[in-house]
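The values are calculated or read from the model by the stated rules, or taken from the named source; none is laboratory data. Predicted model, so just to flag it, every value in this text is computed and none were measured. A quick note on method: Cβ atoms are made from the backbone with ideal geometry, for glycine too, and the neighbour counts reach across all protein chains shown. These accessible areas exclude ligands, DNA and RNA; they are computed on the full protein's heavy atoms, side chains included. Shrake-Rupley method; radii C 1.70, N 1.55, O 1.52, S 1.80 Å.
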Amino acid sequence: MEGKQLQKRLIVYGAVVVALLLLLVMRLAIVQIVYGDDYQIQAQDNLIRLSTIPASRGEIYDRNGVVLAANELVYTVALSYTGISQPESVADDLALLLSDYYPDISADTIQGLIDAQRLNNRLFEPVVIARDIPWDLVTRLEERRAELPGVGIEITPLRSYPQQSLAGHVLGYIHSITQEEIEASTLSYSLDSLIGKSGLEKYYEEYLKGNDGATRVEADAVGRPINELVTMDPTPGDNLHLTLDVELQRAMEESIQRVMDDLERKYPLAKVGSAVLLDAHTGATLAMASLPNLYPDDFKGNLSAARAGYYYPQGDYDPLAPGAGTNRAIQSTYPPGSTFKPVTGIAALHSGQARASDVVTCTGAYWVAPYIKCTGVHGKQNYFSGMAHSCNVYFQEMGRRATEEWMVWAGRQLGLGQRTGVDLPYEAAGNLPHAEWKALSNGALIDYLYSQRRQEIEDRYEDLMDAAETEEEYDRLEQRKKKELAQMEAQYQIDYGFETAWQSFDTFNMSIGQGANSYSALALARYVAAVCNGGYLVTPYLVEDIVDAGGNAVPFDGPEQPLRTEISDEALELTCRAMVQTTQSGGTAAHLFTHFPPEVPVAAKTGTAETGRTGDKENKQYHGVFVAFAPADDPQVVFAGIMEYGNSGSGSMGYVARDVFESYFGIDPAPVYAAPAVTPPEEAAEQDGAAPEDTDTQAASAEVRP
């Protein structure tokens with residue numbers, strides 16, 4: 001009986017085994033016959049990998065063909081996984097040899113690069129350890145080659161900047177790509193790629209990058225290379241031809257540095273300046289500077305500790321905040337001070353609320369609260385003398401007549417409070433204040449402050465009530481809390497109503513370029529260009545042409561065509577004539593252009609702006625702002641510049657404008673270099689408590705009251 005049961009079990013087991021074998025045979029047949037071709041292709045794909053050969057980036061030239069960004073062949077130390085049996089040991093030995101040259105490259109750093117390649121299944125590609133290594137290190141590595149399996153020296157193209165820091169912020173810099181950038185880009189990159197991080201290098205990355213070549217590498221299942229097959233040559237990137245002029249750029253940067261050096265002896269915070277020179281009719285950017293300088297070569301590899309101290313200085317004042325690569329000409333905004341007064345004048349003239357001949361009597365302060373002081377006692381002023389003397393009283397009256405609505409309209413027509421559209425990344429829009437903006441921004445701030453106070457009251461009484469020993473004490477505390485909250489709510493309604501409503505002092509502050517006005521140097525240059533070119537709002541741009549390596553033009557989206565504003569011709573013409581008076585005898589910029597020939601008259605507007613930063617008003621610290629165009633009767637170029645803590649526009653950026661115009665028009669410099677005026681505002685005042693000739697003083701603010 002037991003033998004028959006065993007026999008039955010064996011038959012069942014045998015049947016199961018046969019069935020499984022038949023199923024396996026059928027599955028293999030299906031794989032071979034039906035899906036054989038597909039799997040063969042996949043197997044070949046797994047076997048053959050592409051190892052990237054980086055393309056040379058496109059070069060960048062100024063308008064006259066001077067090279068600003070090029071490429072050079074450099075020695076690169078790379079680690080190939082082929083033949084490495086103990087990668088950790090090789091990493092230790094290589095890090096030791098590199099330590100004298102690259103102390104930041106440790107064995108862990110090298111192992112991390114290898115691990116990143118492994119995670120991406122790309123061990124068939126060499127891992128770049130250091131670029132642009134010196135010749136003595138090349139020799140040292142070659143001598144130890146037998147001890148460093150997998151370590152090799154490659155000759156690769158790398159970005160170079162022949163002009164060093166010249167136009168550094170405009171050009172930008174390249175640096176190692178991140179995994180996030182690889183995933184976000186539609187272009188092809190490897191983990192060893194360098195990518196544009198700022199400036200033109202970033203904005204035109206898709207043109208500059210080129211197309212990488214590739215080596216077909218036979219690799220095993222884990223991505224280790226076995227054999228090298230066919231090579232595909234890389235295609236260089238496209239070349240950029242800029243509107244920038246190297247000589248004008250150099251004149252601008254050297255002048256800013258010279259003026260800062262002079263001012264810094266008297267005003268230690270005068271460390272930062274930015275300026276722009278535009279073609280008045282097209283918006284072509286002839287020069288754009290932001291100091292302290294950026295050296296693009298510093299960022300091709302790891303930033304050394306010594307150079308990091310330059311870009312990120314220790315202490316409370318950081319001239320490059322929020323970090324290296326900041327182009328202050330487009331990314332930083334400042335109160336414009338009196339350089340906003342032409343906008344106020346245009347608003348009053350265009351709206352019909354004033355005529356250029358209307359007389360306003362200046363007695364040293366405006367007659368309406370908060371009685372903002374003037375730059376002096378100017379007596380009877382019309383549009384032309386008011387502009388020449390930068391009379392606060394005159395322009396506050398023009399602002400009152402025009403109203404906030406017309407000043408905002410004029411500012412928007414001239415492109416203020418919006419991005420210019422320049423072909424550079426990270427441009428700031430600035431701020432043109434208006435009633436709706438104030439209600440929104442101050443309302444949010446008031447709500448936040450009072451929500452904090454409500455919570456403080458709730459928390460305080462919660463502790464007190466928890467500690468109450470009797471029910472009577474608890475009820476008494478509860479009533480006190482309700483009363484305190486009710487009082488706070490009443491004050492909230494008062495503060496909210498006052499702080500969110502547009503007040504008369506907002507109009508007065510705005511009319512002289514203070515309050516919440518805030519613009520970049522480029523935005524100021526663009527607005528002045530529209531004033532002097534007949535009312536056309538240009539789009540500033542830097543790239544004139546793009547050509548490939550063969551010299552063929554490459555299509556790209558250039559700047560938008562200038563748009564005609566709705567400002568009347570009369571308002572524009574009168575404003576240009578008024579700005580000419582600023583450089584004439586008695587004007588706030590009269591001392592700057594006296595040696596210019598009659599055929600190159602200059603129109604300008606000076607500005608000494610309160611910074612809006614904590615403590616600066618009490619310490620009488622001012623930014624210097626200056627705008628100008630020339631020739632005044634047939635404008636060709638427009639200048640705008642801002643110097644932090646420059647004390648006055650005519651005593652800081654006014655000198656830079658003079659130097660740049662001399663370079664552009666070929667005018668011999670003044671016989672003796674006139675040092676910037678550094679007289680403190682209170683010492684230069686025409687009356688006690690007033691500010692210097694081109695200084696705007698703000699007697700009231702729209703700050704939220706505690």
query: Amide H to amide H under 5 Å from residue 286: which residues, 5+ apart in sequence or cross-chain, H placed 1.01 Å off N in plane?
result: 277, 278, 279
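When only the heavy atoms of the protein chains count and the probe is 1.4 Å, how do 254, 404 rank by accessible area, highest first?
The ordering from most to least exposed comes out as 254, 404.
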1.4 Å probe accessible area per residue over the stretch 368-454, in Å²: 38 Å²
task: Using a 1.4 Å probe and counting only protein heavy atoms, arrange 135, 367, 406, 502 so the residue with the most accessible area comes first.
output: 135, 367, 406, 502
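Expressed as a whole percentage, what fraction of the accessible surface of the stretch 385-519 belongs to carbon and sulfur atoms when a 1.4 Å probe is rolled over the protein heavy atoms? Walk me through the intermediate numbers first.
Numbers: 3210 of 6350 Å².
Of all accessible area on the stretch 385-519, carbon and sulfur atoms account for 51 percent.
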message: Along the charge dipole of the stretch 307-466, pointing to its positive end and built from +1/-1 on Cβ of Lys, Arg, Asp and Glu, which listed residue (330, 394, 450) has its Cα farthest out?
response: 394
HN-Hα J in Hz across the stretch 97-104 - Karplus 6.51, -1.76, 1.60, θ = phi - 60°, x for Gly and Pro: 5, 7, 4, 5, 9, 10, x, 7
message: Under 5 Å between amide hydrogens, which residues at least 5 positions from residue 544 or on another chain qualify, with H placed 1.01 Å from N in the peptide plane?
response: 241, 242, 243
